[in-house]
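Shown next, in structure tokens, is the structure this report addresses.
The values are calculated or read from the model by the stated rules, or taken from the named source; none is laboratory data. No experiment lies behind these values; they were computed from the predicted model shown. Here the Cβ positions follow ideal geometry from the backbone for every residue, glycine too, while neighbour counts run over all protein chains shown. To get the accessible areas, we keep the full protein, side chains included, count just its heavy atoms, and leave off ligands, DNA and RNA. Shrake-Rupley method; radii C 1.70, N 1.55, O 1.52, S 1.80 Å.
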Amino acid sequence: MDNPLLRAGDLPAFDAIRPEHITPAIDALLPAANAALERAVGAEVPAEYEALSAALDVPLERLARAWGAVGHLNAVANTPELRSAYNENLGRITEFHTRLGADERLYAKYKAVMASPAAQRLRPARPRALANAMRDFVLSGAELQGEAKQRFAAIQERSAEAAQQFSEHVLDATDQFASYVDSARLAGVPADIVQATAEAAAAEGKAGHKLTLHMPVWMPLMQYAHDRALREALYRAYVTRASEFGPPERDNTALMRELLQLRQEEAALLGYANYAELSLVPKMADSPRQVQDFLRDLARRARPFAERDLAELQAFAAEQLGLQALQPWDLHYASEKLKEARYAFSEQEVKQYFTEPRVLEGLFNIVQTLFEVTIRPDTAVTWHDSVRFYRIERNRPGADRPELVGQFFLDPYARTGKRPGAWMDDARGRWARPDRADGQVQTPVAQLVCNFAAPVGDKPALLTHDDVITLFHEFGHGLHHMLTQVDDLAVAGISGVEWDAVELPSQFMENFCWEWEVLSRLTAHVETGAPLPRALFERMVAARNFQSGLQTLRQIEFALFDMRIHAEADAAADVQRVIDDVRREVAVLIPPAFNRFQHTFSHIFAGGYSAGYYSYKWAEVLSADAFAAFEESSLFDAETGRRYRREILEAGGSRPAMESFKAFRGREPRIDALLRHQGMA
Ligand code: ZN
């Protein structure tokens, strides 16, 4: 049969791929990848970069692109049939890659490539690609022998299990709480929440309102319920989930200890002093010490502003709300009231100014001006009528026609069968393919996916300011992927970029959404065509920085806790002591003694953020400081734009992110710009 997933075309035939194509395609591509692995580790393929890449990377890329197309459709055009075909194959794809990543024969081959005389003469970027590959083998335990190797595998398996149990406990503890109250206690709560909680109670044949700890219910209750005792009860229930205060079968205390011990053991097996050190090996940050210094410096600078935020809130709560001695369960409530009193503006009003065509045109103009490219509509087969396709071109001096740099799909609107959120995916990467005789370089293709409200009637789609920021953010990832000039797949564009530096180009683009010079041109009222009023813009900026001092210290509290429990040998024995310590050091508002936040900190116990939570702030510092280079010259300064394009975007993963940053900025990153952008300077 003609299987579109097996067609050797440029781009996937999205309109022709059916669920029944998936298993047969993987049946063909997976054995081919396996055979390629067997061949690559044999004597037939010389220990030499090009030969190994031709033997292995070509079939692996073929598998990755087919599976990538399937995964993409699973996310944007889901059906029950597609989902089951996807899930049917997911296990064997994962198994193959796990095996590939720890294959000792392949590791030996890479070592031989590394040791060969030709390795000294590799063209730029390739040494980095090789070094990354070697590093990943080592971190997957490829160097371990005998008992140590077995123990390493056992640790991986048990850690995955324990992490899964941790998140199940959080989920169950959240789900199993319910409190039933009568409507008198819901004074102040928005009508939709009052109604939804009444319906939830009625569905169980109960009178009154069913209150839960799920965010869409819990948060509005904390923000709006006048009943202080109710807020206190809900606060207590929320911050004691999955702890010793609940049923023992959902208590995460022992799991946290076990996970931390397993991680320290894994680090020791690989020769590191602690897990934090191990976690930082593939990251931009150098050492746990550097990360902690960074967090403490930021804490010290944010502290006066957090103290000011708190004093303002306390004064407002006492004078306007009659709340003396502000308690933890008053914070959301008083903050919401203060925010309303100070910066009230309607999201609906703002939306009228951001029409999608105007916003896109404005975004494209910024990119074209700054990075010396042209963006034009292009044609490709897509997965939905509303999806668009564009090409990015550059005029090279002396060339008779523009050169294709990259292409992208833009899938803007929410619809049934499409996963919520927004993201950028690479459909293919830039690559001087070893299997192409004509010397043509494969150009990158990106998929930009958002979930904006679709247009209604004959009016254009209206975006909220948050939507606009999201679009710029994802486009920043897209530019990182598409403007790369690196020819080696493993380090081209976003590939091979350190995990804590990946958000630099995306958050960088967000900054434009807070510039008057940009917004005044990006906006046109859907009825009148008038630009966003300046006064409204000023209120939006003020609201953005509302309580930024408190918010910053809160993030630092989490990040410092995460770093310390993974860096200190005895932390596992007494997690509570570490978080108490961190709070005494950092927080301006010490939570009550019964607060067990850490028992639901899934990011670090069940997600990928262990000894990595700092990266949120880290990337914000990088992107703010990079943007400050434009503020210091001018927003559309040609030379700064060119330098950013070359040193950050075009360089991709071909060198350490710190080198790229320094090449652009002429120095190491500083935190001043972030503090200034957030009103803390
Ligand atoms: Zn992002």
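Between R83 and R642, what's the calculated FRET efficiency when r is the beta-carbon distance and R0 is 41 Å? Round to 0.05. Given R0 = 41 Å and the Cβ-Cβ separation, E is 0.35. Working ranking of peptides 111-122, 52-63 by packing, defined as the average number of other Cβ atoms within 10 Å per residue, highest first, is 52-63, 111-122. Distance between the C-alpha centres of segment 621-681 and segment 200-247: 44 Å, rounded to the whole angstrom. For the peptides 185-195, 561-571, 671-681, residues were scored by their other Cβ atoms within 10 Å and the scores averaged per peptide; the highest-first order is 561-571, 671-681, 185-195.
For K283, a cut-off of 17 angstrom between C-alpha atoms picks up these lysines, skipping any fewer than 8 places away in its own chain: K617, K662. When every Cα-Cα distance of segment 169-320 is counted in 5 angstrom steps from zero, the calculated P(r) takes the values 2, 8, 11, 11, 11, 12, 14, 12, 9, 7, 4, 1, 0 percent.
Note on the chain: antiparallel DSSP beta bridges, both residues inside, total approximately 80 percent of the bridges counted. Annotation: per residue accessible area for the chain equals 43 Å², rounded to a whole number [probe 1.4 Å, protein chains only]. For segment 157-271, the residue among H226, A268, N252 whose Cα projects farthest onto the positive side of the dipole built from Cβ charges is H226. Relative to the current alpha-carbon distance between N545 and R436, full extension at 0.36 nm per residue lengthens the span by 34.0 nm.
Ordered from largest to smallest accessible area (heavy atoms of protein chains, 1.4 Å probe), the residues T253, T174 come out as T253, T174. Working note: Cα atoms of segment 543-681, range along each principal axis, descending, whole Å: 55, 36, 22.
For trypsin sites (Lys or Arg not before Pro), the sites in segment 399-433 that DSSP calls loop and that have at most 16 other Cβ atoms within 10 Å are R415.
Summarising the label geometry, the points placed 7 Å from Cα in the beta-carbon direction at S346 and A16 lie 5.1 nm from one another. Based on DSSP H segments of at least four residues, each scored -39500 (n - 2.57), the chain has a per-residue ellipticity at 222 nm of -17500 deg cm²/dmol.
Segment 63-100 and segment 1-53 have Cα centres lying 14 Å from one another. Here the chain is assigned +1 on the Cβ of each Lys and Arg and -1 on the Cβ of each Asp and Glu. Its dipole about the Cα centre then comes out at about 780 debye. Among 498-505, 546-553, the peptide with the highest mean count of other Cβ atoms within 10 Å heads the list, and the full ranking is 498-505, 546-553.
Summing +1 for each Lys or Arg and -1 for each Asp or Glu among the other residues whose beta-carbon sits under 9 angstrom from that of L278 gives -1. Compactness of the chain was expressed as the Cα radius of gyration divided by 2.2 N^0.38 Å, which yields 1.02. The alpha-carbon of K351 sits under 28 angstrom from the alpha-carbons of these lysines, leaving out residues fewer than 8 places away in its chain: K337, K339, K418, K459. Each principal axis of the Cα cloud of segment 1-148 was taken in turn, and the coordinate range along them, longest first, works out to 50, 39, 26 Å.
For the chain, which whole percent of the accessible surface, found with a 1.4 angstrom probe, sits on carbon and sulfur atoms? Whole-percent figure for carbon plus sulfur exposure: 51. What residues have an amide H closer than 5 Å to that of F452, excluding those fewer than 5 places away on the same chain, when H is modeled at 1.01 Å from N in the peptide plane? Residues meeting the criterion, in which the H sits 1.01 Å from N, are Y413, A414. Given a 1.4 Å probe and the protein chains as shown, W67 ends up with an accessible area of around 40 Å².
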